[in-house]
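This report refers to the structure that appears directly beneath it.
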Number of protein chains: 4
Amino acid sequence: MKKQIMLLLLACIMLPPAILAQTGKVFDNLSLPSKILKGERKFAIYLPPDYETSQRSYPVMYLLHGAGDDQTGWIQFGEVLSITDKAIREGKATPMIIVMPDANTGRRGYANDIKGEWRYEDFFFQELIPFIEKTYRARSEKRYRAVAGLSMGGEGTFTYALHHPELFAAACPLSAATGPLVLEDVTRWMQRRGQDSIATDAQIKAYYERQSVLYLVNNMPDDKKKAVRWYIDCGDDDFLFEGNSLVHIAMRKKEIPHEFRIRDGGHSWGYWRTALPEVLDFVSASFHQF
Amino acid sequence: MKKQIMLLLLACIMLPPAILAQTGKVFDNLSLPSKILKGERKFAIYLPPDYETSQRSYPVMYLLHGAGDDQTGWIQFGEVLSITDKAIREGKATPMIIVMPDANTGRRGYANDIKGEWRYEDFFFQELIPFIEKTYRARSEKRYRAVAGLSMGGEGTFTYALHHPELFAAACPLSAATGPLVLEDVTRWMQRRGQDSIATDAQIKAYYERQSVLYLVNNMPDDKKKAVRWYIDCGDDDFLFEGNSLVHIAMRKKEIPHEFRIRDGGHSWGYWRTALPEVLDFVSASFHQF
Amino acid sequence: MKKQIMLLLLACIMLPPAILAQTGKVFDNLSLPSKILKGERKFAIYLPPDYETSQRSYPVMYLLHGAGDDQTGWIQFGEVLSITDKAIREGKATPMIIVMPDANTGRRGYANDIKGEWRYEDFFFQELIPFIEKTYRARSEKRYRAVAGLSMGGEGTFTYALHHPELFAAACPLSAATGPLVLEDVTRWMQRRGQDSIATDAQIKAYYERQSVLYLVNNMPDDKKKAVRWYIDCGDDDFLFEGNSLVHIAMRKKEIPHEFRIRDGGHSWGYWRTALPEVLDFVSASFHQF
Amino acid sequence: MKKQIMLLLLACIMLPPAILAQTGKVFDNLSLPSKILKGERKFAIYLPPDYETSQRSYPVMYLLHGAGDDQTGWIQFGEVLSITDKAIREGKATPMIIVMPDANTGRRGYANDIKGEWRYEDFFFQELIPFIEKTYRARSEKRYRAVAGLSMGGEGTFTYALHHPELFAAACPLSAATGPLVLEDVTRWMQRRGQDSIATDAQIKAYYERQSVLYLVNNMPDDKKKAVRWYIDCGDDDFLFEGNSLVHIAMRKKEIPHEFRIRDGGHSWGYWRTALPEVLDFVSASFHQF
């Protein structure tokens, strides 16, 4: 009889325990001090479901919001928590940390401005990335880092990965602004803002060569063509159709490998919420070494 | 004794392994102090599944009960917990806070009364909303706030959003009372209650212009027509058919965008429980920026 | 050995035979001679899946097209074949004959005109119905006859069933025109067409009292209120919102039992294709005696 | 002998009971006489599942093959039978006739050639379409006619619908050749074939203005912009990326409504088989009047 009880107890122990569907966590109001931008800069973060229970380090995706929005956009409108949790649960994404910095500054988005007075890009590379990698269990090699973003954040994604192919395994600009198509676009843009006298011709030229995605693509050195995996997506009704189509043509002509999608839709969160699972899948393929 | 142990163990083995999905939480007996209403006012609240594990702020929907009910109605009869949890789990609703105030006062529902002695509407805007946004991680911008309600609470929904289009992204009156159709309705209503001598003609006229949904719709300034997204629903067997149909006609003629549904059914919780998922979906579209 | 063969043969017999999914048939270009309309009048017909294999008679639904269309509309745009086949296969509709007459005449739709020169309604009742019931295995009692239609055909549905409640078990006007709301609408309509001098006041009044759905509803004798089962459906974005909502209000006030739906949508085939299964279900309930 | 009976019986038992769904029919080797092209021209046809049992007329889609292929391509490689049957069965396509003409001529595809000696386009409009509409129960109004095709057949689709917007409700070029981007492309193309002396400058110019999709789009009269519904699809790895992207940009700038897709893939039947269900869905929306 005792043996039978023992066996039953053993069976009990071997039963699967209660399974609590594990979820990731989001924080939408964190900040770090910035010397470069002279003040606190906010960011939001997604930590994957096993972040607290495990002791491992994770790859990181930087996920950039669009103009007029802030670090909470991808959480509130983009549903980054439930979409990423679901992708991880279904094996379509690898557990990763997602960092969403606030670029709601009324300045030049994710770029250093023309006169070098507002240096957001420097903040991003010199302060934000090191802070994240020091504060969280985030891996710091190129192969474990990606960048993605929408609209103005798509422009940030393009320029960051084009400026620093040595830092990103994958880049996913969505409905991206693509910067000035030609040099004159910069001047016109400054005139519209009554700022046409503030910068020298050399500064304008440098800005153009730094921020024009077409220029950067057309001048990419051959040995960098396969440095970053690209996933570019822009709706057929998006007002940014021209820049994205021209970048696709330029990349094809330069033989820069890239995925390009034009799906049904415009410049809207409905489009980006359906893009996010594809981005997670694409980025995870990089983090998985395929 | 051993046999009993055996049976317990057997029961243990035969139980399915528990799988606990994360769920939201409801509290049905909270309160806040009100100077305007001179006393404690009760409210109930729904907090979304990730409220405790994440650190983010949420949009808020105010959900109003009907006459003869109190703050527990939407929880007990309306199944707000399981319906909202399910909608969030299936991606049909965004995580939100739902606030259900008690308007079971025996007075004029959600309105300030004719003589301004009982000012529930002032309480709602000057005390309840600030209290919620201070006490919970609730976002306080218009784009993150909605109001919905049934019957008397549908009248509250109509009037609150018509009085304060600057405060609500979406409004969803269900099986709504629509207030006096004509000025004489107010007098008749007061005569029925033996209160015809208590208010002046000016007070009655002011009350009519404040509480008649038809009057408010017909006098809406052009620049407010698209300020609030409307979802209006009333069963074909509901005794409130006339007011709702006339409001639909008036809104169409004034070119005020609105969704309008007449489904099969009457003035019952069965109707409102099937309306709630649609309300959550509609409100979430606002909170998602589509 | 013989026993084994026997068993095998038995097994063979017991196997389900080949099942050929039976389908209904449509004919879109039939016609009948009309003395009243002085010429051939086209019609289309749907015969249910078992029409050829069985020898039974069927109930009939008359299904009316809208202005600018003809007898092929419900077949081509309305997918009456596949939708009815599916409803019958799934047990949601009873096998029935569906008759779709051509009212593409450039005249007053399904009505007799003001001066009685073009008498489509007389053709419908005195020639079409008898022709159908003589030519096809169609039952001829009221309990086996229904009428439905969209827009101008919804007006036909309303007026036919209001004029002849003794002939229809059920009537389903979809996105219906509801005729003149007031007497002056008739005069205005004739003036717009330069026909204001062709009819006498008595003719105009008679036409109004024959074609105004509101007038007919408001003057319905008490003993006819339950003579016809009504299913009325009109989208919230339909330009015919006012007439349908006012008919709903009038029927409620007159206590005429009716189903009324306002679903999401406008005046479009997408709306009517999703209405058709509900119509088939509602009409079949009549034909089934519930 | 008995053993053979046994085996047959066994086979009988082991066969799954046949369930025969109604299916469409394809014919891949039909022909019509052509005076314009001086000889018999082949075509293939798909007739929908209810073509033989019903007596109705159907809308028609002309479906054009690519270079090096013939009228059997869409049947053999494109699986037009099973894909269309499935789409109809699932309610995603309306029953339609699909006509696949043979343009495997070694000449200029679906175009009239430069010197007007080989006039395939004239054959298509003056002989093929009338033949189909006379021989089959095909409707002949614009609202019931569509054209689609791949590669060289995509060019045919573009030019036919651009030349004759009064004849097509919808046009779906897939992985389309888009003709000469600039006038010089025509000359270069002729030089490559050693034909540079055969045509006059006027003929070359006329050919360019007839066959350049960009030229036709950029010179479309305003009142034709909404005449045809467009669905354009080209893989991100397709060698025809440039023309399709430039047409998308040109159509956006001219405000010509169109659907545009870039999906993952190249110039292959795998791409076109996954495009076909979308084409059927898009074309059916036109045939359904939405």
Open item on the list: Quick test of your reading of the structure: C:ASP233 fulfils all but one of (1) closer than 22 Å to B:ILE249 by Cβ; (2) surrounded by fewer than 23 Cβ atoms within 10 Å (Cβ to Cβ). Name the failing condition by number.
Closed with: (2)
Open item on the list: Name the single residue that is surrounded by the fewest Cβ atoms within 10 Å (Cβ to Cβ) among those in segment A:263-277 being touching a residue at least 12 places away in the same chain (Cβ under 8 Å) and outside any loop (DSSP other than H, G, I, E, B).
Closed with: A:PRO277
Task: Residue match in segment D:24-36 (condition: at the interface with chain C (Cβ under 10 Å from one of its Cβ atoms), outside any helix (DSSP H, G or I) and at pLDDT 95 or above) - done: no
TODO: Quick one: B:LEU81 ticks every box in (1) of a type outside the set (D, E, K, R); (2) within 27 Å of A:SER82 (Cβ to Cβ); (3) at pLDDT 95 or above; (4) in a loop (DSSP other than H, G, I, E, B) except a single one, so which number is it?
DONE: (4)
Open item on the list: Just the residues that are surrounded by fewer than 23 Cβ atoms within 10 Å (Cβ to Cβ) and hydroxyl-bearing (Ser, Thr, Tyr), please, taken from segment D:34-57.
Closed with: D:SER34, D:TYR51, D:THR53, D:SER54, D:SER57
- [ ] Assess whether A:ALA93 counts as being over 30 Å from B:SER140 (Cβ atoms), outside any loop (DSSP other than H, G, I, E, B) and at pLDDT 95 or above.
- [x] no
Task: Conditions (1) in a helix (DSSP H, G or I); (2) without any contact (Cβ under 8 Å) to a residue 12 or more places away in the chain; (3) of a type outside the set (D, E, K, R); number of the one not met by A:TYR207 - done: (2)
- [ ] Tell me, yes or no, whether segment C:180-201 has at least one residue that is under 21 Å from C:ARG145 (Cα atoms) and touching a residue at least 12 places away in the same chain (Cβ under 8 Å).
- [x] no
Open item on the list: Given the condition crowded, with 24+ Cβ neighbours inside 10 Å and part of a loop (DSSP other than H, G, I, E, B), answer yes or no: does some residue in segment C:139-149 qualify?
Closed with: no
Open item on the list: Could you list, ordered by first residue, the pairs with Cβ atoms under 6 Å in which the first is in segment B:45-59 and within 10 Å of chain A (Cβ to nearest Cβ) and the second is modelled with pLDDT under 95, at least 6 apart or interchain?
Closed with: B:PRO49/B:GLN22; B:PRO49/B:THR23
TODO: Please tell me if B:LYS115 is in contact with an Asp or Glu (Cβ under 7 Å, 6 or more places away or on another chain) and surrounded by fewer than 19 Cβ atoms within 10 Å (Cβ to Cβ).
DONE: no
Task: Residue count, segment D:215-249 (criterion: in contact with a helix residue (DSSP H, G or I) (Cβ under 6 Å, 6 or more places away or on another chain), farther than 23 Å from A:CYS234 by Cα and touching a residue at least 60 places away in the same chain (Cβ under 8 Å)) - done: 1
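Here's the yes/no breakdown for (1) closer than 22 Å to C:ALA138 by Cα; (2) in a helix (DSSP H, G or I):
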site	(1), (2)
C:ALA161	yes, yes
C:ALA171	yes, no
C:ASP185	no, yes
C:GLN195	no, no
- [ ] Kindly indicate which of B:TYR62, B:TYR51, B:TYR46 is of a type outside the set (Asp, Glu), in contact with a Lys or Arg (Cβ under 9 Å, 6 or more places away or on another chain) and assigned to a loop (DSSP other than H, G, I, E, B).
- [x] B:TYR51
Task: Residue satisfying all of: in segment C:68-112; more than 11 Å from every other protein chain (Cβ to nearest Cβ) and in contact with a Ser or Thr (Cβ under 6 Å, 6 or more places away or on another chain); surrounded by the fewest Cβ atoms within 10 Å (Cβ to Cβ) among these - done: C:THR94
TODO: Take the residues in segment D:258-290 that are among the basic types (Lys, Arg) and within 9 Å of chain A (Cβ to nearest Cβ), then tell me which one is nearest to D:ALA176 (Cα to Cα).
DONE: D:ARG261
Task: Cross-chain or 6+ apart pairs with Cβ under 8 Å, segment D:119-147 first and within 14 Å of chain C (Cβ to nearest Cβ), then of a type in the set (S, T, N, Q) and not in a helix (DSSP H, G or I) - done: D:ARG137/D:GLN55; D:ARG137/D:SER57; D:ALA138/D:SER57; D:ARG139/D:SER57; D:ARG143/D:GLN289
- [ ] Pull up segment C:250-262, narrow it to residues that are among the basic types (Lys, Arg) and surrounded by 17 or more Cβ atoms within 10 Å (Cβ to Cβ), then point me to the one that is farthest from C:ILE232 (Cα to Cα).
- [x] C:ARG252
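This table checks each residue for (1) facing chain D (nearest Cβ under 9 Å); (2) modelled with pLDDT of 95 or more; (3) in a helix (DSSP H, G or I).
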site	(1), (2), (3)
A:MET220	no, yes, no
A:ASP223	no, yes, yes
A:ALA227	no, yes, no
A:TRP230	no, yes, no
A:ASP236	yes, yes, no
A:GLY243	no, yes, yes
A:LEU246	yes, yes, yes
A:ILE249	yes, yes, yes
A:ILE256	no, yes, no
Task: Residues of segment C:212-222 classified as buried (at least 19 other Cβ atoms within 10 Å of the Cβ) and more than 11 Å from C:LEU181 (Cβ to Cβ), total - done: 2
Task: Residue match in segment B:119-137 (condition: part of a loop (DSSP other than H, G, I, E, B), crowded, with 17+ Cβ neighbours inside 10 Å and modelled with pLDDT of 95 or more) - done: no
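The values are calculated or read from the model by the stated rules, or taken from the named source; none is laboratory data. Being a predicted model, the structure only gives us computed values, none of them experimental. Reconstructed Cβ throughout: ideal geometry from the backbone, glycine too, with neighbour counts over all protein chains shown.
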